[in-house]
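J.: Right, I'll just put the structure down here and ask away after.
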Amino acid sequence: MAGASGIAVLDRPNFGVPALAVILFALLCAGARAGDFETGNELFDQGKFAEARQHYEKLVEAGEGSANVFFNLGNVDYRLGSAGRAMLNYERALALDPHHPEARANVNLLRERSGAKLPPLSWIGQVYASQSLSVWTLATTVAGWITIFGVAFLVTSARPEKGGLWFLTMAGIAGLAFSGVGVWLGLKDQSLGIITAKQTEARLAPAESAGVAEALPAGSRVRVLSERGAWIYCELPGAGRGWIPEGVLERVRPERL
């Protein structure tokens, strides 16, 4: 498995005294968070995995859960014997950075070992999976503004030749449509969940006595549809639907991610 790694960068502008106090406080907090990352890395290298995990989790709780932080959490969970949680955190790293090679390699390796089940990925899903939701959101915003300005200039411009404006507007509309699909798919992925237990069984009804809909090894992907008490109703990787007890399933994208 790959080791812990990551980068932290700090900036400090110069303002008046009240604002400076606020900025200094923010920098101290940022420094403390960077310290948590480095301390976690040092503890990981020393083999103190439980202690390292505490420092990485502090970063997540503070809203500083970067791809590298979740990747390191995955490494820690693997060393602590929880392959399911390791795959969950590698998935979280990839949700933030689809091009993280170590997270991709590690999650694929653990999936092979556990026999994790994944729903088939459509060709359109493969195309849009290359970028994160934040990238598609930014692209949609830029394309939207290009479209708005293009339409505005077409309406207000007195120039007889408007070929360039028409091209700009149509390019904006095309970009808006393309990136908008990426945003839609990314928002849909908010419901993705990972089985963290070594093995669990999805039931046909929310009861332990109900029939088995599908057996799910650790790392299997499901899509959360609804919740009822201690049970979660999911779309299963085998294309069926079933109920999974809470505690063995976690969403890839919690609210803080």
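J.: Taking 8 Å as the Cα distance limit and 6 or more residues as the minimum spacing, I'd like the relative contact order of the stretch 125-189 as a percentage.
T.: Working: 55 pairs, mean separation 32.7, N = 65.
Value for the stretch 125-189: 50 percent.
J.: Search the structure for amide H atoms under 5 Å from the amide H of Thr200, placed 1.01 Å from N in the peptide plane, and list their residues when 5 or more places away or on another chain.
T.: Correct list: Leu216.
J.: A further question on this structure: For the stretch 150-199 and the stretch 103-137, what is the centre-to-centre distance using only Cα atoms, to the nearest Å?
T.: The two parts, judged by their Cα centres, are 23 Å apart.
J.: Remind me, relative contact order of the stretch 191-251 in percent, using alpha carbon pairs under 8 angstrom and six or more residues apart? Before the final figure, lay out each step's value.
T.: Working: 142 pairs, mean separation 23.8, N = 61.
Answer for the stretch 191-251 is 39 percent.
J.: Read phi for every residue in the stretch 131-148 and hand back ³J(HN,Hα) as whole Hz from Karplus 6.51 cos²θ - 1.76 cosθ + 1.60, θ = phi - 60°, with x for Gly and Pro.
T.: 10, 7, 4, 4, 5, 5, 5, 5, 4, 5, 4, 4, 4, x, 5, 4, 5, 4
J.: Let me ask something additional. For the stretch 171-257, just say rounded, prolate or oblate: build the C-alpha gyration tensor, square-root its eigenvalues into a ≥ b ≥ c, call rounded for a/c under 1.5, and beyond that prolate if a/b exceeds b/c, oblate if not. Don't jump to the answer; show the numbers that get you there.
T.: Working: a/c = 2.73, a/b = 2.39, b/c = 1.14.
Prolate is the answer for the stretch 171-257, as a/c is 1.5 or above and a/b outweighs b/c.
J.: Provide the gained length on full extension for the span Ile173 to Thr156, in nm with one decimal, where the gain is 0.36 nm per separating residue minus the Cα-Cα distance.
T.: Details: separation 17, 0.36 × 17 = 6.12 nm, distance 1.87 nm.
Fully extending the segment from Ile173 to Thr156 adds 4.3 nm.
J.: Rule-of-thumb check for the stretch 125-189: C-alpha Rg over 2.2 N^0.38 Å?
T.: 1.32
J.: Oh, and also: Considering all projection directions equally, how large on average is the shadow of the alpha-carbon convex hull of the stretch 99-257, in square nanometres?
T.: If I average the Cα hull's projected area over directions, I get 12.3 nm².
J.: For the stretch 108-163, restrict the atom set to alpha-carbon positions and state the Rg and Dmax in Å.
T.: 21.1, 66
J.: About the Cα centre of the stretch 134-225, how large is the charge dipole given +1 on each Lys and Arg Cβ and -1 on each Asp and Glu Cβ? Please answer in debye to the nearest 20.
T.: Dipole about the Cα centre, nearest 20: 180 debye.
J.: Rounded, prolate or oblate, given the Cα gyration tensor of the stretch 38-145, with a/c below 1.5 counting as rounded? List each step's numbers first, then the result.
T.: Numbers: a/c = 3.07, a/b = 1.42, b/c = 2.17.
Oblate, because a/c is 1.5 or more while a/b does not exceed b/c.
J.: DSSP loop (so not H, G, I, E, B), at most 15 other Cβ within 10 Å: list which trypsin sites (Lys or Arg not before Pro) in the stretch 153-237 pass both filters.
T.: Lys162, Lys198
Read the figures in this text as sums done on the coordinates, not as results from a lab. Note that the structure is predicted; figures quoted are calculated from it, not measured. Positions of Cβ are generated from backbone atoms using ideal geometry, with glycine treated the same way; all protein chains shown enter the neighbour counts.
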